[in-house]
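The values are calculated or read from the model by the stated rules, or taken from the named source; none is laboratory data. Everything numeric in this text was worked out from a predicted model, so none of it was measured. Using ideal geometry, Cβ is built from the backbone for each residue, glycine included, and neighbour counts are taken over all protein chains shown.
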Amino acid sequence: MLNLHIKSAQNFIKLHFLIVSFYIVTFIFFLYLFGQSQYTFPVFIALVCNNIIYYIVKEMNSKKGILVMFVFYNILFLTDILLVWNFLPLEYAWFINLIIILFFNFNIRYAVTYLIALAFVLPLTPYASEYFVQYFGFNSINVFTTQKSVYIWNVVQLFTIFLFMLLVYHFKKELNQIYKKNSELKKSDTQKMQNTEKHFVEAEIDYDQDHRKNNRKLQTKNKTEFVKSDNFVILFKDIVQYIEKEKPYKDPNFSLNDLAEHFQTNINYISKSININQNGENFKNLVNYYRIEYVKQEIDNGLKNRKLKDLYTAAGFEYQATFNRVFKEFEGVTPSEYIKSVRGITDAQNN
């Protein structure tokens with residue numbers, strides 16, 4: 001579920017860059033159409049920068065990526081406004097899009113702060129435009145020579161802004177669905193835990209009644225009592241309690257023999273107890289499950305200054321290759337992808 005959030009944010013960034021690329025390419029075509037090809041080079045540079053920024057941003061954490069994208073588009077749109085503010089006032093609508101990006105990806109405080117900053121900056125556009133045009137040698141009057149050209153470009157702008165609004169709506173809807181599914185999964189996990197606890201409580205009642213009588217027998221050679229499935233459930237409960245409390249899995253050399261020796265029984269009974277209660281899983285899978293859960297818990301609590309190597313060695317893995325393979329088998333993603341996912345969700349929840 002964490003990965004769905006990251007994937008959704010990455011899709012939002014990708015589609016937003018595609019929309020802006022469409023807008024810039026259309027503008028280049030527009031310049032050729034109305035005989036203003038001398039202005040295509042700086043616009044082409046903007047297109048190149050747009051693609052470079054995208055390839056930089058897509059490798060980042062989703063929150064940082066959106067922030068870099070936001071800064072780049074402020075520079076791009078401010079430059080655009082300085083050239084055409086007096087002919088195409090609709091260009092100011094792009095800043096509304098940036099406000100929406102802040103609101104949906106950060107919080108309303110950021111959006112309001114940005115809106116206040118725009119209220120101070122945008123009124124200075126006419127004064128800054130005159131200096132900008134003279135300094136760089138552009139003549140904004142020549143870009144839009146007829147009322148027809150202004151009309152056509154306004155239609156293009158409205159269409160592009162409409163595409164962006166659809167993108168934002170879809171992204172917000174997708175996020176709401178992800179959060180809803182995440183909430184449902186948490187409720188489902190809670191219910192499963194409650195059912196498991198109930199099962200162990202019921203087993204513990206029988207266990208407490210017979211434990212004193214059977215304790216000495218369980219520690220001797222008379223192991224035939226474990227043939228009954230109920231006794232395998234009880235043994236497995238003891239195994240789980242021992243592993244969760246003592247954390248023997250943190251020793252990379254922890255083996256089935258060690259576990260059997262602790263319970264003073266043989267490895268066949270231990271293996272069968274795990275196999276029956278874990279749907280065919282074996283000792284190795286059980287130990288790896290607790291090792292991965294330990295690492296995940298440490299990641300969820302924040303790595304701080306700890307390295308990933310410190311975590312997997314503390315969990316009982318000797319080699320990173322083994323850890324990476326086992327982690328992906330259990331979680332479906334690599335440790336690095338899981339860490340990025342956790343950081344992305346944590347940032348979203350904090351804001």
Specify which of the listed residues (298, 329) is surrounded by 14 or more Cβ atoms within 10 Å (Cβ to Cβ) and assigned to a helix (DSSP H, G or I). 298
All positions within region 269-291 that are assigned to a helix (DSSP H, G or I) and among the small types (Gly, Ala, Ser): 271, 273
Taking residue 201 as the residue in question, decide whether it is more than 39 Å from the chain's Cα centre (by Cα), at pLDDT below 85 and loosely packed, with under 12 Cβ neighbours inside 10 Å. no
Residues of region 236-253 being farther than 14 Å from residue 292 by Cα and in a helix (DSSP H, G or I), in sequence order, are 236, 237, 238, 239, 240, 241, 242, 245, 246
Of those in region 35-55 that are farther than 17 Å from residue 79 by Cβ and of a type in the set (Ser, Thr, Tyr), the residue surrounded by the most Cβ atoms within 10 Å (Cβ to Cβ) is 54
Could you grab me the full set of residues in region 301-326 that are outside any helix (DSSP H, G or I) and either farther than 19 Å from residue 343 by Cβ or among the hydroxyl-bearing types (Ser, Thr, Tyr) (or both)? 315, 316, 317, 318, 319
Quick check on residue 142: is it modelled with pLDDT under 70, surrounded by 11 or more Cβ atoms within 10 Å (Cβ to Cβ) and not small (Gly, Ala, Ser)? yes
Count of region 269-298 residues which are under 30 Å from the mean Cα position of the chain (by Cα) and not charged (D, E, K, R): 10
